[in-house]
Every structure is written in structure tokens, then in C-alpha cells.
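Written out below as C-alpha cells is the structure these notes cover.
Just so it is clear, none of the values below were taken in a lab; they were calculated from the coordinates. Small disclaimer: the values here were computed from a predicted structure and weren't measured. Note: ideal-geometry Cβ built from the backbone for every residue, glycine included; neighbour counts use all protein chains shown.
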Amino acid sequence: MGMTITEKILAAHAGKATVEPGELIRAKLDLVLANDVTAPVSIKELEKINLEQVFDKDKVVLVQDHFVPAKDIKSAEQSKVVRDFARKFDITNHFDVGEMGIEHCLLPEKGLVTPGDVVIGADSHTCTYGALGAFATGVGSTDLAAGIALGEAWFKVPESIKFEYDGKLPEDVTGKDLILHTIGDIGVDGALYQSMEFTGSAIDELSMDGRMTMANMAIEAGGKNGIIAADQKTIAYVEERTNKPYKVYQSDEDAKYNRVIKYDVEKLEPVVAFPHLPENTRPVSEAGHVELDQVVIGSCTNGRIEDLRVAAKIMQGKKVHKNVRCIIFPGTQAIVKQAMKEGLIEIFIDARCAVSTPTCGPCLGGHMGILAKGERSLATTNRNFVGRMGHPESEVYLCGPNVAAASAIAGRIVHPREVE
Amino acid sequence: MEFTGRVWKFGKDIDTDAIIPARYMNTSVPEELAKHCMEDADPTFPQKVQNGDIIVADKNFGCGSSREHAPICIRAAGVSCVIAKSFARIFFRNAINIGLPIFECPEAVDGIREGDVIQVNADSGVIFNMTTGQTYTAKALDASMQEIIRNGGLMEYVKTRLSEAKA
Ligand code: SF4
């Protein structure tokens, strides 16, 4: 019996020839990640056992991104715990102010994740790295602490669902629309505990940035991981960034799937998820009249250079609607720099957007754009739960960067073609 | 590892709020949590449960939040292991990590009644109902999971592994 890409990666890291869904394994980790919010909890656990050294100082990654630059005293204290730990254990990859970025934009960009890796992170969107053909999943504090100490984690091998996206992508349909459409179709628990394998000609066509957007939201369907087999695009992306050896895995022809779900992408149009669940999707043409107070473009879902290019193209020479506050928060310093070089930042500022330093910021209602009671934001982020961006009676709508940019200009949710 | 104990039965979809209601989560002291173990599923449970007793439940045990308090309070209440038709994903992970043995075995759940005394062998997965004489086989826990549980949880296990490495 053949194996899926996820099964193959897990088997290789458990030192086994084969694994089966449901089987419990102990796997070696290639990378262990935590941020300024989750690391302190694990660090406390590690202090209890008097940790003397981490399993590999090059393979523990600590990113200060959620409340950084520190938004208040409490966040400053939390960040300091992480900073002190990083210094004490001489952590190679500790990314602090000036160097940091949103973790899931930063790690691939720095070449820290390669195809075939097993990565755990104390952050649910760790699944983003599946776009590079790696097995990556979010875990809790105890798992992460053990990972930092031993470089191992245990897993129950998940069953896989295969998603096939075929046909040619319409010009205004992005990776974000594919994944929102999928979540709308299967629901927020549609892939509970399972691996989501994204395949098909439309995925081949997507850029690495678009693929990361898709894998990023696997967790929004309850998935344990999302994964896209590495191809020439992946290899080019990775080799530009690292010399680390890696291994490319593909699913076997006769691999076993729990389900195979097919989509004809030619029939799709941009999608918006209405409050308060990512599964409440509608084609943007059926959104109706939804006026906006704020538009947020960025996050680990859509804060990459391609997203900024898409948004800038629409905003060029236009102005954000006078009732709307539009906040752009790019994923990393390198993305900011590239956007400057390409003149995108100038376009945004001329269009009356606020451009932020990289941070998670408003995505989790942290800082830099919190909503008041009754306010409504359209965002390229990944979650629109009650109160996610501020007041419990505020609303978040999710979409791709083109719909966000066009809607910022129009002052209400519109199809990108309406502002051309 | 072998456990022998008296059975308390529960239905399906016992969620983490039934196991340990959020209103008691202003503490993480295991003994305090144990005083309210399973309270919203059976208010008398904390009084009647005895050391070594075994919980047998239907499907999707432990669904809901990711709170590690749920398996912690079950273990602190003296329950030796939990058998269910299936477990929710995060509960399953947390149970292993804090050292609470769990077994999936739908036949055993259907065959075992409340009050039966059963014996569970963690290595083989064999469940022997001493009251009725019936035998069932659960999928045995993987050796590495057993090691974590034997050590009393993931962090204790980490400690053991680290000191072994040093020795
Ligand atoms: S950008 Fe949002 S979803 Fe992504 S890591 Fe930060 S808080 Fe989480």
C-alpha cells in the first residue's frame, strides 16, 4: 500500500519504513518554534526541570512578533522572558525588534524550513510551512517544552484528505479565495485531526506566496497540517535561501485518502467570509451592501510581497474612502524593504494608508488597529471569531488582498473590478 | 503496566466543561481540580470515585477546549485510566502528556457495565472484565507513549531522558 506525503515524512522522522493513520510515533524534529506569547509558558516548564541546554541551539526559533515592539508593560515583561532565555541558551534564531517579522512569513523567508522537514510550533498557524512540502503543526506548551529539550515530539499519524483544484485560475481569484472556498465547503471542523493535501493544476500555477496563504489556513478547517508537495518553484524558493540539505517527498499513486474533494477553479470568484466563522463564506458578488470602518492588509496569511503588489496595483492613484482607516502591515523587514524598492509603500501612503512595522498587531486584537464597539473591519487575516480584532461587538470579514484594497477605496465590500 | 479497578460509565461527547467546569479553573492545583472532577456530567462523582477506578465512556471523550486541566483533574481524582470509543484530538494529546493512560476500544465500551471490575494491561491492550469474564483488546499504546505515561507525564519523561543522556 502506498503512502501519502505526510505519512512518508513522519515515517522517515520516526525511523520507520512505513506508518499508518492512527499509529502513534515519536518523530525527530527539524525545527521548534515559539513566539513572545507562547514561549514564556514553555520556558516556565523548562525551568521546573532545570534545563541545562536546548536540544540544538540552531533549531530552536524564537520570534518576537505578537505584541512587539512592546505594546505595554505586560508584553514587555513577556518579551523579556524570551529574550533572557535566548541569551542564556545562545539561541541562534531569536528574532527581535529590527529583525523580526511575523513568524510564519519570516521562517520560510530565512530559509529555516525546507521540504521534508518536521516542524512543531506553539502557534496554531505553524501549518503554513506545509506549503514548502514540510510536515508542520501547532502544539501546546508542554509539547513545545519537550521539543526544545529533546528535539522530539510524539504524533498520531493523521488520515489525509486530498483536495484537487483543477482548471485555470481566473485572474482575480487568489490562493486566499481557494482556501476560504474550501473552508466554506467542508466547514471549520471539516478536516478535524486530518492532513489536508492540496494538489491540482491550479496549485501548480500558484506562487509560493499563494501556497503559503492556503497552507496557513488548514487549521481553520480543523486540519492537523496542510501540505503541498514540493515542485520546481519550491526548490527554487528554498535554494535561494539555504544550503541546508533536504528531501522532497511525493504521495504515492496508490496512497490511501479518507476523501478526495475536487474543485473546478474556473467557476470561482473572490470570496468573503462573514462574521464570526471562516466557514461563513459568500462569493463577493453576493456580499450585499457592507460598509467598512477599517481595512487591514497583512498578517501571516496575506502579508507577503505578492499580496502587497496586488493591493498596490489596485490602490495606485486612488484614495482610501474617507470613512475607512486602512492599515497595511507587511510580514517581515525584507518585505517592507522590497515594497519600498518597488514603490509600493509610496502608493499606499499616497492612497492614505497607514503602513506598520511588521507585527501580528490587529490580527489577534493585539494592538495597532483595534476595533471599537459596533465597528466593522475587512481583513486579509485568517480568523473572524467574536472579538478577534477588538470589541466583542465588532465584526471582522475575511478576504484576499485584491478585495481588501478595492473595498478600502470603495468604503464597502466590493468586487475588485468595481474600482478599476 | 496493569490497572485493576471499578468502572464508572459515561455517555458520548463528554466535553472538557463537563470534566472540569471553567468556573473552577481559577486554580491549576490538581487536588483542588479533583474536587470537581466530572461534576457537570455526574455531580456525585467526586465523592464516590476511589483510587484506581476506571472511567469508561462512549465516543469523542474530552471534546471542547484545549485545557490541560481536564486530564489533570481526572488523574488527580485517582482514576487509573480511561477507556472510550474515541477521544477528541487535543484531549488525547494532553492526556498522554500529563501521564493519564487512555485506551480506545468500542467493543469494551459496549460490553462493560457500570460497577464491573476490570483489568487493563497497558502493554498488550487486553481488557479483562473480571465481573463477566469477557475479554476485549484495545489498540495497545505505542511503546513511546507508554514510556511517557510510566514516567508520569511528558515533562517528567523529559527529565528522565536528560539525566540518562548525562549518565
Ligand atoms: S499574524 Fe495573526 S494569525 Fe498570524 S501568527 Fe500573528 S496573530 Fe497569529
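Selection of segment A:166-201 for residues being surrounded by fewer than 24 Cβ atoms within 10 Å (Cβ to Cβ) and part of a helix (DSSP H, G or I) yields A:His181, A:Gly184, A:Asp185, A:Ile186, A:Ser201. For segment A:37-53, the criterion of being away from chain B (no Cβ under 14 Å), among the hydrophobic types (A, V, I, L, M, F, W, C) and within 25 Å of the chain's Cα centre (by Cα) is met by at least one residue. Condition check for A:Arg282 on (1) in contact with a Pro (Cβ under 8 Å, 6 or more places away or on another chain); (2) surrounded by 16 or more Cβ atoms within 10 Å (Cβ to Cβ); (3) basic (Lys, Arg): one failure, at (1). Filtering segment A:378-395 to residues that are β-branched (Val, Ile, Thr) and more than 14 Å from the ligand (Cβ to nearest atom) leaves only A:Val386.
Of the helices (runs of 4 or more DSSP H) lying entirely inside segment A:72-165, those containing at least 1 residues that are buried (at least 24 other Cβ atoms within 10 Å of the Cβ), within 14 Å of another protein chain (Cβ to nearest Cβ) and within 16 Å of the ligand (Cβ to nearest atom) span A:141-150. Of all residues being of a type in the set (A, V, I, L, M), touching a strand residue (DSSP E or B) at 6+ places or on another chain (Cβ under 6 Å) and closer than 24 Å to B:Gln50 by Cα in segment B:112-167, which is nearest to the other protein chains (Cβ to nearest Cβ)? Just the residue, please. Among those residues, the one meeting the criterion is B:Ala138.
Mind listing whichever residues of segment A:370-395 are touching a Phe, Trp or Tyr at 6+ places or on another chain (Cβ under 8 Å) and closer than 22 Å to A:Arg304 by Cα?
Within segment A:370-395, A:Ser377, A:Leu378, A:Ala379, A:Asn384 meet the criteria.
Restricted to segment A:5-36, and to residues there that are within 14 Å of chain B (Cβ to nearest Cβ) and assigned to a strand (DSSP E or B), the residue that is nearest to B:Glu104 (Cα to Cα) is A:Leu24. Restricting attention to segment A:55-71 and to residues that are of a type outside the set (Asp, Glu) and within 16 Å of A:Ala122 (Cα to Cα), the residue that is surrounded by the fewest Cβ atoms within 10 Å (Cβ to Cβ) turns out to be A:Lys59. The single condition from (1) assigned to a strand (DSSP E or B); (2) closer than 30 Å to A:Lys322 by Cβ that A:Tyr263 fails is (2).
Which of the strands (runs of 3 or more DSSP E) contained wholly in segment B:55-147 include at least 3 residues that are out of contact with any Ser or Thr (no Cβ under 7 Å at 6 or more places or on another chain)?
Fully inside segment B:55-147 and qualifying: B:81-84, B:117-121, B:135-137.
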